[in-house]
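Please treat every number below as a calculation from the coordinates, not as lab data. Given the structure is predicted, the values throughout are model-derived calculations rather than measurements. Because the Cβ atoms are built from the backbone with ideal geometry, glycine has one as well, and the counts that use them run over all protein chains shown.
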Amino acid sequence: TNNHSINNNDTNNDTVNNYDTANDTNNDTIINYDTANDTANDTVNVNDAVNNAVNDAVKNKYKDSIRLRLIEIILFIYSNNGTKVSDLATHFDLSVRTIKYYLKIVVTSGLVIYKGSKKFGYYNLSLKLQEKLHDKTEIAR
């Protein structure tokens, strides 16, 4: 009978272990949630930094709709390093000519750079903007 009692205790210990595992899973979920919040905060900080950079660079030269499109284009380039004009035209459903107009603004303002040949080149964020974005996300952490 005592041996049977020990087995019951073992079962109870197993239940406690399962409970601990469940708690570990909940803690993991919290960690993942915190990671998701960090990512969301980084995204907000990047958006803010790009918004500020565009507004500083173009001042009041362009109306809000153009400044918003410039911000969208820069965020796309940020997410897709080595972006081509055709990528932007497809993504935004705009003509190549319109995209080149926007790109001329952001390149002239020093926010984006063009690398490569005329036929096979691509766009990246300028070092100046990359540093602003890095500083903005580091400050938030």
**Request:** Provide the net charge surrounding G121, with neighbours chosen by a C-beta distance below 11 Å and charges set as Lys +1, Arg +1, Asp -1, Glu -1.
**Result:** +4
**Fill in**
Treating only Lys and Arg (+1) and Asp and Glu (-1) as charged, each at its beta carbon, one finds that the stretch 56-110 has a dipole about its Cα centre, in Debye to the nearest 20, of 280 debye
